[in-house]
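Colleague: Sharing a structure below in structure tokens format, with a few things to ask.
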Amino acid sequence: MLDVYFRNKLTELQDLSKLKVRKLKITNCENLDTVNEVPGCNSIVEEETNSTDSDEEIYSTDDDDDDDDDDDDDDDEGEEEEEESAKEGKTRALFGAIHPRNSVRCIRSKMAAIMQGIGAATALSSSSSSFDSKGFQLPSVKYFPERKATSLVVRSDGRLIPGSNLNARNVSGRLVTNAVAAKADTSATSTASKTGHELLLFEALREGLEEEMDRDPHVCVVGEDVGHYGGSYKVTKDLAPKYGDLRVLDTPIAENAFTGMAIGAAMTGLRPIVEGMNMGFLLLAYNQISNNCGMLHYTSGGQFTIPVVIRGPGGVGRQLGAEHSQRLESYFQSIPGIQMVACSTPYNAKGLMKAAIRSENPVILFEHVLLYNLKERIPDEEYVLSLEEAEMVRPGEHITILTYSRMRYHVMQAAKTLVNKGYDPEVIDIRSLKPFDLYTIGNSIKKTHRVLIVEECMRTGGIGASLTAAINENFNDYLDAPVMCLSSQDVPTPYAGTLEEWTVVQPAQIVTAVEQLCQ
Amino acid sequence: MASAISAMKILQPPPLPTTATSSPENLLFDPVKCNSSFFGSTHKLRFSSLKPSSSSHRRSTVVAVADVIKERKLNSSSSMVNLITKEECLELYEDMVLGRAFEDMCAQMYYRGKMFGFVHLYNGQEAVSTGFINLLKKEDYVCSTYRDHVHALSKGVPARAVMSELFGKTTGCCRGQGGSMHMFSKEHNLLGGFAFIGEGIPVATGAAFASKYRREVLKEADCDHVTVAFFGDGTCNNGQFFECLNMAALWKLPIIFVVENNLWAIGMSHLRATSDPEIWKKGPAFGMPGVHVDGMDVLKVREVAKEAIGRARRGEGPTLVECETYRFRGHSLADPDELRDPAEKAHYATRDPIMALKKYIIENNLVSEAELKAIEKEIDEVIEDAVEFADASPVPPRSQLLQNVFADPKGFGIGPDGKYRCEDPKFTEGTARV
């Protein structure tokens, strides 16, 4: 399996390398300025590399997610933006240090480490590089000598993606045009202060879950293999020994029945969390979710509340086959009476999990198989995010890109290219799939007048389709161009890696779409 | 955590037309005595609390009716008359008459155009509802199907509330939003009211799970609420039924699965739809007792119910009770009911549970006929009052449209103006767009 994996990895790297990406080395902020101020970045500082493989590419980014939602609990310990940015959780999925000196060989060994789930954050103090899949040279503003953390973003599938630094607001104006602009000055001191703690996304989910279970003894977990096995994605690891077999209930394989059971328990006072081992399995529970979960509060005239959380991993993974790669957001979105949210970073995963558990409404929390190993530093303090609000990932001026879950990372990768080309995309992670946060989205549209929706959901009747309709209805006057929606192909996800890649939206397509829209 | 397997047996296969006196005997299972291995059961008892002791009287699968009666008479200190006291029989009679009168009035109102849609009447099955629910406490849960009017009434929901709900008025038990098939009452712990068959069984299992959870995790030691799930013979071929039998037996949940086997699922005869029509046999397959009882005799149902509810309260696990019963009317008021043999209907009409109880009461001189008549009159008045109340009640206003969709109305999201949709004044008027 490793071989197949690496073969694929190499293919991918080689594809990208055709675009003549070069490695960059930036040692200090001054370089950064020079580089960043030039849209298009023709004058990239090129660095000699010790790499023997000229086709080597290294993605290294620092994914600075700036959550400038209103909903963030601002437990700012420091007044500085650095502190805030650290706490707001820059997503830096770290799987191992990759020096510019690393050859592909080293990358492979890093991959091996990744495959074994070893994530190590090491400092890359001296250099960074970032590439755009289309071969545009991007200045990478990743490293600063003081920064301790690696700037590598590696996803759980091992693919190295450039995260992107966003939020030019936090940085002085010089970095406005650069998607990968780090909050250079901000991040420097942030890591030094080391607030918060680092963990992977599934650990963040577990932390949120554990905190809520501690807080309220009525909270329980119901699902297959959640107890003794610890959850098939380890989200409920070690919870059964701590809380007992009744609070973390291993069920037989009967989704419809145990989802209904959770609903009955919710009606009679408990707050169960139903874990679908894979979101696709919840199709078997569709009867209970649609009829009972969504409707009982209404048909009982408000007498019974159903504070249930239904969560599980979905989305297209790594050659998992058609049935394990389903995106059910579209199937559930019409059910009246439920809320749907999708998490994408450890920070918002924990926050949304807690919010969902505390909510009196039934909530479906969509996680993504490939995002479970994202690493990020999240605050130590307790925080709960709002279920109805969207997240501003990167403010911009030219175009609004709406996305959620895994596609956020593809969008950010594309954003780097776009910035190089001189575009300034505003990226919003909508997070709340039902209902849509029309306020954040609307404000963005009023600013940029162009919308691109990037999603992994199916084209037909998906979240993008609903969002397009909502935007056209509400903000038609503000649009300079028709809303464009990039979704997955309407095919059952193929097993073959190449085919699978073509079913989901790739960064290259995003770049093309933006160029098209912004003409 | 294996569930105890008590010996279950059926004395006669259902449901052949028989004379009233030789109707199948109900099975009284005494956990202490009747724990011999059941013919169909492959389980070994894993419970230490039940000693596999005396099984002298249960070797064969079928025991003659006479034997059982004799045994009971020997066990009980006096004759069968003591099965029921005067007060109890008044309660039972009143409950059943209320159910019958209510359903008859529903039919009238339906044909007069006061209620619409699918209305499923319970005529003929009152013994099951009364037999079980009369023994429950207020905190115990009842979960039903679309044939739920009488379950609601037996559980204590006022006739006024049920009738208004049927009329679609805002004073109904579900504010007019549920209708005939979705009767809910938090106060009386009626968990519905489900339109799809089999849907309510997992919900009932969940309520039983919550009861066990409260006792064991939340340490509410006195929490011994049981749940009774009612459903029909057609449901017993549905996956959710089997899945829930498995889970309930696995975790020994305090639940009683009551099958109201009226032999017909709309137009599908139970015998044509089921490979093994003896539903009670499916209980032991999952490790719980399966009992068959004559569902047209409220006293027999009550006896079985006592045992089953007692078992559940003591934490010994679930029971599957198959009540052989019959519905005198069609599946719903829209069903012409042409498929059933008139002879079959006539036969069961002679086994009308209310008539049977009345006969029993009169024969045993528990209550005078005049008192029974007084009860009937009183019930008629209650029903009349319910209809008047429902007629006079207001229909739901426009503003009710969007209420109760979400327990937390923030779930409607944030509008373009930045405020939550539910804060929009037009929202309460029901004219806001969501």
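The values are calculated or read from the model by the stated rules, or taken from the named source; none is laboratory data. In this text, all values refer to a predicted model and were calculated from it rather than measured experimentally. Note that we place each Cβ from the backbone using ideal geometry, even for glycine, and neighbour counts take in every protein chain shown.
Colleague: Residues in the stretch B:219-230: is at least one within 7 Å of chain A (Cβ to nearest Cβ), surrounded by fewer than 21 Cβ atoms within 10 Å (Cβ to Cβ) and over 19 Å from B:Lys138 (Cβ atoms)?
Modeller: Checking the stretch B:219-230: not a single residue is within 7 Å of chain A (Cβ to nearest Cβ), surrounded by fewer than 21 Cβ atoms within 10 Å (Cβ to Cβ) and over 19 Å from B:Lys138 (Cβ atoms).
The rows are residues; the columns are (1) outside the structural domain of A:Gly337 (by TED's automatic domain parsing); (2) closer than 28 Å to A:Phe332 by Cα; (3) surrounded by fewer than 24 Cβ atoms within 10 Å (Cβ to Cβ).
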position	(1), (2), (3)
A:Glu397	yes, no, yes
A:Asp429	yes, yes, no
A:Ile453	yes, yes, no
A:Arg459	yes, yes, yes
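Residue by residue, here is whether (1) buried (at least 21 other Cβ atoms within 10 Å of the Cβ); (2) at pLDDT 95 or above holds:
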{"site": "B:Gly315", "(1), (2)": "no, no"}
{"site": "B:Pro318", "(1), (2)": "yes, yes"}
{"site": "B:Glu322", "(1), (2)": "yes, yes"}
{"site": "B:Gly330", "(1), (2)": "no, no"}
{"site": "B:Asp335", "(1), (2)": "no, no"}
{"site": "B:Leu339", "(1), (2)": "no, no"}
{"site": "B:Leu357", "(1), (2)": "yes, no"}
{"site": "B:Ile362", "(1), (2)": "no, no"}
{"site": "B:Glu371", "(1), (2)": "no, no"}
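Colleague: Of the residues in the stretch B:97-135, how many are of a type in the set (Val, Ile, Thr) and either assigned to a loop (DSSP other than H, G, I, E, B) or farther than 18 Å from B:Val157 by Cα (or both)?
Modeller: 1
Colleague: Report whether or not B:Arg398 is away from chain A (no Cβ under 14 Å) and closer than 30 Å to A:Ala266 by Cα. Spell out the reasoning first.
Modeller: Values: away from chain A (no Cβ under 14 Å): yes; closer than 30 Å to A:Ala266 by Cα: yes.
So B:Arg398 passes the test.
Colleague: Let me ask something else. Looking only at helices (runs of 4 or more DSSP H) that fall completely inside the stretch A:407-519, which ones have 3 or more residues that are away from chain B (no Cβ under 14 Å)?
Modeller: On the way: elements: A:407-421, A:438-448, A:463-475, A:497-503, A:507-517.
Ranges flagged: A:407-421, A:463-475, A:497-503, A:507-517.
Colleague: Now a separate question. Identify the residue in the stretch A:241-256 that is within 13 Å of chain B (Cβ to nearest Cβ) and farther than 22 Å from A:Leu283 by Cβ and, among all such residues, is surrounded by the most Cβ atoms within 10 Å (Cβ to Cβ). Give the steps one after another, and end with the answer.
Modeller: Within the stretch A:241-256, the subset within 13 Å of chain B (Cβ to nearest Cβ) is A:242-256.
If we keep only those that are farther than 22 Å from A:Leu283 by Cβ too, we end up with A:242-248.
Working: A:Lys242: 11, A:Tyr243: 20, A:Gly244: 14, A:Asp245: 15, A:Leu246: 16, A:Arg247: 23, A:Val248: 26.
The extreme case among them is A:Val248.
Colleague: Please go through (1) away from chain B (no Cβ under 11 Å); (2) assigned to a loop (DSSP other than H, G, I, E, B) for A:Arg311 and return the number of the only condition it doesn't satisfy.
Modeller: With (1) away from chain B (no Cβ under 11 Å); (2) assigned to a loop (DSSP other than H, G, I, E, B) applied to A:Arg311, the lone miss is (2).
Colleague: Which of the helices (runs of 4 or more DSSP H) contained wholly in the stretch B:259-358 include at least 2 residues that are over 26 Å from B:Asp95 (Cα atoms)?
Modeller: Those helices (runs of 4 or more DSSP H) span B:270-273, B:282-286, B:342-349.
Colleague: Then there's this: Could you look through the stretch A:380-406, keep only residues that are part of a loop (DSSP other than H, G, I, E, B) and within 14 Å of chain B (Cβ to nearest Cβ), and pick out the one that is nearest to the chain's Cα centre (by Cα)?
Modeller: A:Ala390
Colleague: Let me ask something else about it. Working only within the stretch A:285-299, note down all residues that are outside any loop (DSSP other than H, G, I, E, B), within 9 Å of another protein chain (Cβ to nearest Cβ) and not polar (S, T, N, Q).
Modeller: A:Leu296, A:His297, A:Tyr298
Colleague: Answer yes if at least one residue in the stretch B:136-154 is in contact with a His (Cβ under 6 Å, 6 or more places away or on another chain) and surrounded by fewer than 21 Cβ atoms within 10 Å (Cβ to Cβ), and no otherwise.
Modeller: Within the stretch B:136-154, one or more residues are in contact with a His (Cβ under 6 Å, 6 or more places away or on another chain) and surrounded by fewer than 21 Cβ atoms within 10 Å (Cβ to Cβ).
Table: residues versus (1) surrounded by fewer than 20 Cβ atoms within 10 Å (Cβ to Cβ); (2) within 14 Å of another protein chain (Cβ to nearest Cβ).
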{"site": "B:Ala374", "(1), (2)": "yes, no"}
{"site": "B:Asp380", "(1), (2)": "yes, no"}
{"site": "B:Asp385", "(1), (2)": "yes, no"}
{"site": "B:Phe389", "(1), (2)": "yes, no"}
{"site": "B:Ile414", "(1), (2)": "no, yes"}
{"site": "B:Asp417", "(1), (2)": "yes, yes"}
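Colleague: So is A:Gln333 within 14 Å of another protein chain (Cβ to nearest Cβ), within 25 Å of A:Leu467 (Cβ to Cβ), touching a helix residue (DSSP H, G or I) at 6+ places or on another chain (Cβ under 8 Å) and surrounded by fewer than 24 Cβ atoms within 10 Å (Cβ to Cβ) or not?
Modeller: Values: within 14 Å of another protein chain (Cβ to nearest Cβ): yes; within 25 Å of A:Leu467 (Cβ to Cβ): yes; touching a helix residue (DSSP H, G or I) at 6+ places or on another chain (Cβ under 8 Å): yes; surrounded by fewer than 24 Cβ atoms within 10 Å (Cβ to Cβ): yes.
Criteria met by A:Gln333.
Colleague: Take the residues in the stretch A:264-284 that are closer than 18 Å to B:Leu245 by Cβ and at pLDDT 95 or above; name whichever of them is nearest to the other protein chains (Cβ to nearest Cβ). Steps first, answer last, please.
Modeller: So in the stretch A:264-284, the residues closer than 18 Å to B:Leu245 by Cβ come out as A:264-265, A:284.
Imposing the further condition that a residue be at pLDDT 95 or above reduces the set to A:264-265.
Details: A:Gly264: 2, A:Ala265: 4 Å.
So, considering only residues that are closer than 18 Å to B:Leu245 by Cβ and at pLDDT 95 or above, the one nearest to the other protein chains (Cβ to nearest Cβ) is A:Gly264.
Colleague: Only one residue in B:Thr171, B:Thr205 is polar (S, T, N, Q) and surrounded by fewer than 21 Cβ atoms within 10 Å (Cβ to Cβ), so which one is that?
Modeller: B:Thr171 is the lone residue from the list that is polar (S, T, N, Q) and surrounded by fewer than 21 Cβ atoms within 10 Å (Cβ to Cβ).
Colleague: Among (1) of a type in the set (Lys, Arg); (2) closer than 30 Å to B:Tyr326 by Cα; (3) over 24 Å from the mean Cα position of the chain (by Cα), there is one condition B:Lys410 misses while meeting the rest; what is its number?
Modeller: (2)
Colleague: Given the condition among the aliphatic types (A, V, I, L, M), modelled with pLDDT under 95 and more than 18 Å from A:Glu456 (Cα to Cα), answer yes or no: does some residue in the stretch A:488-500 qualify?
Modeller: no
Colleague: Just wondering, is there one or more residues in the stretch A:309-321 that are within 24 Å of A:Gly462 (Cβ to Cβ), at pLDDT 90 or above and touching a Cys at 6+ places or on another chain (Cβ under 8 Å)?
Modeller: Yes, some residue in the stretch A:309-321 is within 24 Å of A:Gly462 (Cβ to Cβ), at pLDDT 90 or above and touching a Cys at 6+ places or on another chain (Cβ under 8 Å).
Colleague: Any idea which of (1) within 14 Å of chain A (Cβ to nearest Cβ); (2) of a type in the set (Ser, Thr, Tyr); (3) over 17 Å from the mean Cα position of the chain (by Cα) is the one B:Thr205 doesn't satisfy?
Modeller: Unmet for B:Thr205, out of (1) within 14 Å of chain A (Cβ to nearest Cβ); (2) of a type in the set (Ser, Thr, Tyr); (3) over 17 Å from the mean Cα position of the chain (by Cα): (3).
Colleague: Give the number of residues within the stretch B:208-217 that are surrounded by 24 or more Cβ atoms within 10 Å (Cβ to Cβ), within 7 Å of another protein chain (Cβ to nearest Cβ) and not aromatic (Phe, Trp, Tyr).
Modeller: Summing the residues that are surrounded by 24 or more Cβ atoms within 10 Å (Cβ to Cβ), within 7 Å of another protein chain (Cβ to nearest Cβ) and not aromatic (Phe, Trp, Tyr) in the stretch B:208-217 gives 1.
Colleague: Does B:Leu253 qualify as being in contact (Cβ under 8 Å) with a residue 60 or more places away in the chain and either more than 9 Å from every other protein chain (Cβ to nearest Cβ) or within 21 Å of A:Met261 (Cβ to Cβ) (or both)?
Modeller: Judged against the criteria, B:Leu253 is a match.
Colleague: Name the residues in the stretch B:139-164 that are within 14 Å of chain A (Cβ to nearest Cβ) and more than 19 Å from B:Asn123 (Cβ to Cβ), would you?
Modeller: Selection gives B:Glu139, B:Asp140, B:Tyr141, B:Val142, B:Cys143, B:Ala161, B:Ser164.
Rundown of residues vs (1) touching a strand residue (DSSP E or B) at 6+ places or on another chain (Cβ under 8 Å); (2) within 17 Å of B:Val128 (Cα to Cα), yes/no style:
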residue	(1), (2)
B:Arg215	no, no
B:Ala221	no, no
B:Asn237	no, no
B:Phe241	yes, no
B:Pro254	yes, no
B:Phe257	yes, yes
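Colleague: Say we look at the stretch B:190-202 and pick out the residues that are assigned to a loop (DSSP other than H, G, I, E, B) and within 8 Å of another protein chain (Cβ to nearest Cβ); which of these is surrounded by the fewest Cβ atoms within 10 Å (Cβ to Cβ)?
Modeller: Ranking the qualifying residues of the stretch B:190-202, first place goes to B:Phe196.
Colleague: Being in a loop (DSSP other than H, G, I, E, B) and surrounded by 18 or more Cβ atoms within 10 Å (Cβ to Cβ) is true for just one of A:Gly280, A:Gly231, A:Gly269. Which residue is that?
Modeller: Selected residue: A:Gly231, the only one of A:Gly280, A:Gly231, A:Gly269 that is in a loop (DSSP other than H, G, I, E, B) and surrounded by 18 or more Cβ atoms within 10 Å (Cβ to Cβ).
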